[in-house]
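Q: Can you read through this structure? Questions will come right after.
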Amino acid sequence: MHASTVRSLLVRGMLAGLVAGLFAFAVAYVVGEPPVNGSIAVEEAQAAAQEAHAGHGAAAGAEAAEEEEEAVSRPVQSTFGLATGVLVYGVALGGIAALAFSFALGRVGRFGPRATAALTAAAAFTTVYLVPFLKYPATPPAVGNPDTIGKRTTLFFLMILLSVLLGLAAVIIGRRLAPRLGNWNATLAAAAGFLVVTAVAFVLLPANDDAVQAGFPAALLWEFRLASLAVQAVLWAVFGAVFGVLAQKVLAGRTAAADSRATAGAPLPG
């Protein structure tokens, strides 16, 4: 694929990521913010109970802490801050997914641009989010042990890296098995291998036993996790649909231009 075509796809991938980020922000604000607010309320209630139990010394410390104002207020975090984070995330992943699309087009089967975009988005959602989520589910802020945040973050990103590498290996193995088994059987064999190795990784990698404090409401926890899953699903679904249309137009235009140049350079029939 020509470098100029890749650049055009990259720009449109980032644009599609921006559009997808807008939809994801809407879902995050409507569905995700209520459980976040609920978890903050639980944290404040637990802190107040601990202070009341500890006596005046803890109360004096709490008063000193209250004097320190938050750098960013909660209303700003839940609106402008959330929008900025989701949109930047969408644009960045959109650009990366566009590059992956440029590599995958024509190499993973005889799929058109729209189908390849949909497959790329589905693969990204599965490997970058769904598989790591199943091993290390998302948790609301300030509900886990603060001393293990670094360890939990490392494990989560390790699971993302492992999932992506296993996904790439499954694609490569599927392509090599296709001439012998056929596309359908090769796809099933590669998918089965991915699931088996992923299951082994789930067993071997340590669990986040202290990711959620004891006594945190289970219903609120699952509400947050389902909201997190919904945000990612909407992000990648919208990206796949929008980028598929944009990529189709780019590639169709390049093909038409190439055909016009070929026709203009061809000798007239005698």
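The values are calculated or read from the model by the stated rules, or taken from the named source; none is laboratory data. Fair warning: this is a prediction, and the values are worked out from it, not measured in the lab. Quick reminder, even Gly has a Cβ in these numbers, built from the backbone with ideal geometry, and neighbours come from all protein chains shown. Side chains are part of the model used for accessible areas, which takes the heavy atoms of the whole protein and leaves out ligands, DNA and RNA. Shrake-Rupley method; radii C 1.70, N 1.55, O 1.52, S 1.80 Å.
Q: Could you tell me whether Pro140 is open to solvent by less than 40 Å² (accessible area, probe 1.4 Å) and either closer than 30 Å to Leu251 by Cα or modelled with pLDDT of 80 or more (or both)?
A: It is false that Pro140 is open to solvent by less than 40 Å² (accessible area, probe 1.4 Å) and either closer than 30 Å to Leu251 by Cα or modelled with pLDDT of 80 or more (or both).
Q: Here's something else I'd like to know. Taking interchain pairs and intrachain pairs at least six residues apart, which have beta carbon atoms under 8 angstrom, with the first residue in region 1-26 and free of Cβ contacts under 8 Å to residues at least 40 places away in the same chain and within 17 Å of Phe239 (Cβ to Cβ) and the second buried (at least 18 other Cβ atoms within 10 Å of the Cβ) and acidic (Asp, Glu)?
A: If the second residue must be buried (at least 18 other Cβ atoms within 10 Å of the Cβ) and acidic (Asp, Glu), no pairs are left.
Q: Could you list, in sequence order, the residues of region 76-98 that are surrounded by 14 or more Cβ atoms within 10 Å (Cβ to Cβ) and among the aliphatic types (A, V, I, L, M)?
A: The answer is Leu82, Ala83, Val86, Leu87, Val91, Leu93, Ile96, Ala97, Ala98.
Q: Any residue at all in region 199-210 that's among the charged types (D, E, K, R) and part of a helix (DSSP H, G or I)?
A: No, region 199-210 contains no residue that is among the charged types (D, E, K, R) and part of a helix (DSSP H, G or I).
Q: Scan region 115-129 for residues that are open to solvent by 30 Å² or more (accessible area, probe 1.4 Å) and over 12 Å from the mean Cα position of the chain (by Cα) and report the count.
A: Counting residues in region 115-129 that are open to solvent by 30 Å² or more (accessible area, probe 1.4 Å) and over 12 Å from the mean Cα position of the chain (by Cα) gives 3.
Q: Do we find a residue being under 16 Å from the mean Cα position of the chain (by Cα) and among the hydrophobic types (A, V, I, L, M, F, W, C) anywhere in region 106-114?
A: Among the residues of region 106-114, not one is under 16 Å from the mean Cα position of the chain (by Cα) and among the hydrophobic types (A, V, I, L, M, F, W, C), which makes the answer no.
Q: Let me ask something else. Within region 143-154, which residues are of a type outside the set (Ser, Thr, Tyr), surrounded by 14 or more Cβ atoms within 10 Å (Cβ to Cβ) and modelled with pLDDT under 75?
A: Val143, Gly144, Asn145
Q: Another one. Scan region 171-199 and report the pairs whose first residue is aliphatic (A, V, I, L, M) and whose second residue is assigned to a loop (DSSP other than H, G, I, E, B) and open to solvent by 30 Å² or more (accessible area, probe 1.4 Å), with Cβ atoms within less than 7 Å and a gap of 6+ or a chain change.
A: Val171/Val108
Q: One residue is enough: does region 39-56 have a residue meeting the conditions open to solvent by 60 Å² or more (accessible area, probe 1.4 Å) and modelled with pLDDT of 80 or more?
A: Within region 39-56 (the criterion being open to solvent by 60 Å² or more (accessible area, probe 1.4 Å) and modelled with pLDDT of 80 or more), the answer is no, since none of the residues qualifies.
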